[in-house]
1. Only one of (1) surrounded by fewer than 21 Cβ atoms within 10 Å (Cβ to Cβ); (2) free of Cβ contacts under 8 Å to residues at least 60 places away in the same chain is not met by residue 309, so which one is it?
2. Just give me the residues in region 82-129 being under 11 Å from residue 71 (Cβ atoms) and among the β-branched types (Val, Ile, Thr), in sequence order.
3. In region 259-289, what residues are assigned to a loop (DSSP other than H, G, I, E, B) and closer than 21 Å to residue 342 by Cα?
4. Scan the helices (runs of 4 or more DSSP H) fully inside region 344-427 and keep the ones with 3 or more residues being under 20 Å from the mean Cα position of the chain (by Cα) and under 26 Å from residue 250 (Cα atoms).
5. Within the set of pairs 6 or more residues apart or between chains, which connect a residue that is free of Cβ contacts under 8 Å to residues at least 40 places away in the same chain inside region 122-148 to a residue that is of a type in the set (Asp, Glu) and part of a helix (DSSP H, G or I) with Cβ atoms less than 7 Å apart?
6. In region 145-167, how many residues are in contact with a strand residue (DSSP E or B) (Cβ under 6 Å, 6 or more places away or on another chain) and not charged (D, E, K, R)?
7. Hey, could you check region 325-346 for residues that are of a type in the set (A, V, I, L, M, F, W, C) and over 20 Å from residue 294 (Cα atoms) and say which is surrounded by the fewest Cβ atoms within 10 Å (Cβ to Cβ)?
8. Counting just the residues of region 81-96 that are buried (at least 22 other Cβ atoms within 10 Å of the Cβ) and in contact with a helix residue (DSSP H, G or I) (Cβ under 8 Å, 6 or more places away or on another chain), which one comes out farthest from residue 58 (Cα to Cα)?
Amino acid sequence: MHSLADLRAGKLAGIKRLNLSCDLDEFPREIFDLADSLETLNLTGNRLKSLPDDLHRLHKLQVLFCSDNQFRELPACIGRCENLRIVGFKANQILHVPAAALPPQLRWLILTDNLIEQLPDELGSCLSLQKLMLAGNRLRELPASLAGCQQLELLRIAANQLTHLPEWLLKLPSLAWLAFAGNPLCAVQRPLSGREIAWQQLLIQQPLGEGASGIIQQAIWEGPDQPATPVAVKLYKGSITSDGSPLNEMAACIAAGEHRHLIDVLGRIPDHPQGQAGLVMQLIAPHFVNLAGPPSLDSCTRDIYPVDLRLPLSGVSRLAQGIASVTAHLHARGIAHGDLYGHNILWEPEGDCLLGDFGAASFHPNAEQAQALERIEVRAFGILLGELLERCDDPVPLEWIELQARCIQPDVSQRPAMNEVQQILSI
């Protein structure tokens with residue numbers, strides 16, 4: 001994090017990225033002194049309500065983050081920034097998104113956790129748009145013009161007021177990652193079921209990790225008439241994340257049931273002292289690691305893999321078959337994972353794997369749209385399969401190469417079902 005004092009003293013001359021979080025209520029004009037170098041401007045966590053009309057003077061600006069501020073409108077001035085491709089205004093109080101606020105090169109727009117009821121039709125003219133994050137607003141419908149966003153790959157519309165998924169949405173040729181839980185269109189809400197585990201039976205130990213939806217800690221479960229058992233405890237934060245509601249994630253985790261490539265849910269916590277929702281889960285052996293890292297600002301929708309990662313064909317086969325199997329299992333239970341990515345897969349060198357992170361999971365709203373939703377997820381699997389094949393040291397069967405191409409083809413209806421994917425991979 002940079003300081004306002006250093007900015008005003010000219011000590012930040014020539015920097016490409018500026019991070020200022022210092023209770024600002026006005027845009028510091030000294031930022032314009034960085035116009036010839038500044039590419040990323042992060043003003044998250046201030047009290048800003050507006051940006052200067054001449055923001056376009058930052059002519060090299062590509063990334064703008066203004067989350068956790070007090071904006072009530074997406075500033076129209078950002079639409080004049082010719083090179084701006086990533087815009088993030090999460091957790092403000094935005095009611096209005098004017099068409100003029102959409103920059104011509106927009107690739108990634110984050111408006112999560114605001115008060116937006118309507119989006120401009122002009123959003124469909126953003127032909128470079130790949131990633132659109134709108135969870136936690138008040139949208140009743142999406143502009144039909146979004147059908148023109150043929151490059152759109154990731155869409156987050158959970159926790160809004162949407163009553164249906166439009167048919168054009170389910171036909172978008174590039175869409176691979178879709179989250180829509182917590183809308184009226186999901187008329188049948190799955191109740192939280194399963195075993196209850198009392199908080200007093202859990203001895204909380206060290207933290208294991210923290211994500212957008214909650215904190216995971218190691219614990220000892222000392223239940224009646226059973227030996228002390230090492231477990232993992234996930235406590236949900238209860239607020240809107242970029243994917244949707246943590247409580248929807250919890251419901252999907254429970255409804256997913258048992259599968260050898262899922263992390264077992266042992267029970268839910270009904271009586272946390274602060275009222276937090278929580279799950280008790282299988283503790284994963286430490287030799288399991290994330291297959292990839294999440295996308296970067298540059299890669300946008302593509303995971304970041306270790307540079308030296310190479311896989312034998314046997315390892316690719318076990319990974320691909322395992323993820324195809326568990327994805328088919330989820331859709332058979334009416335669940336779309338919504339975030340089928342390498343960074344959500346735990347694996348070990350022999351190829352054994354576990355699919356995690358149900359933060360973007362959604363239940364099929366009806367039988368009529370179930371097939372299309374599965375085929376959208378098939379594209380996500382096809383992208384993942386392509387990433388694995390690129391890192392394979394051995395000759396790859398032609399059938400797998402052809403399968404991968406079928407999974408990512410633009411005609412959603414012509415993609416194979418996950419059961420067919422499984423069968424081809426097992427040959």
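1. For residue 309, the exception is condition (2).
2. Restricting attention to region 82-129, the residues satisfying the condition of being under 11 Å from residue 71 (Cβ atoms) are 89-97, 101, 111, 114-115.
Result: 94, 97.
3. Kept after step one, since they are assigned to a loop (DSSP other than H, G, I, E, B), are these residues of region 259-289: 259-261, 263-264, 270-277, 283-288.
Those that are assigned to a loop (DSSP other than H, G, I, E, B) and closer than 21 Å to residue 342 by Cα: 259, 260, 261, 263, 264, 283, 284, 285, 286, 287, 288.
4. Numbers: elements: 367-390, 398-408, 418-425.
Of the helices (runs of 4 or more DSSP H) lying wholly inside region 344-427, those with at least 3 residues that are under 20 Å from the mean Cα position of the chain (by Cα) and under 26 Å from residue 250 (Cα atoms) span 367-390.
5. Between residues of region 122-148 that are free of Cβ contacts under 8 Å to residues at least 40 places away in the same chain and residues that are of a type in the set (Asp, Glu) and part of a helix (DSSP H, G or I), the close pairs are 143/121; 145/121.
6. Here is the first cut: in region 145-167, the ones in contact with a strand residue (DSSP E or B) (Cβ under 6 Å, 6 or more places away or on another chain) are 154-156, 158.
Keeping just the survivors that are not charged (D, E, K, R) gives 154-155, 158.
Of the residues in that region, 3 qualify.
7. Applying the first criterion (of a type in the set (A, V, I, L, M, F, W, C)) to region 325-346 yields 326, 328, 330, 332, 335-336, 340, 345-346.
Going one step further and asking which of them are over 20 Å from residue 294 (Cα atoms), we end up with 326, 328, 330, 332, 335.
Values: 326: 21, 328: 21, 330: 26, 332: 13, 335: 25.
It comes out as 332.
8. 87
Bear in mind that the values in this text are calculations on the coordinates, not laboratory data. Remember, predicted model here, so these are calculated numbers, not experimental data. Cβ coordinates were reconstructed from backbone atoms using ideal geometry, including for glycine residues, and neighbour counts include every protein chain displayed.
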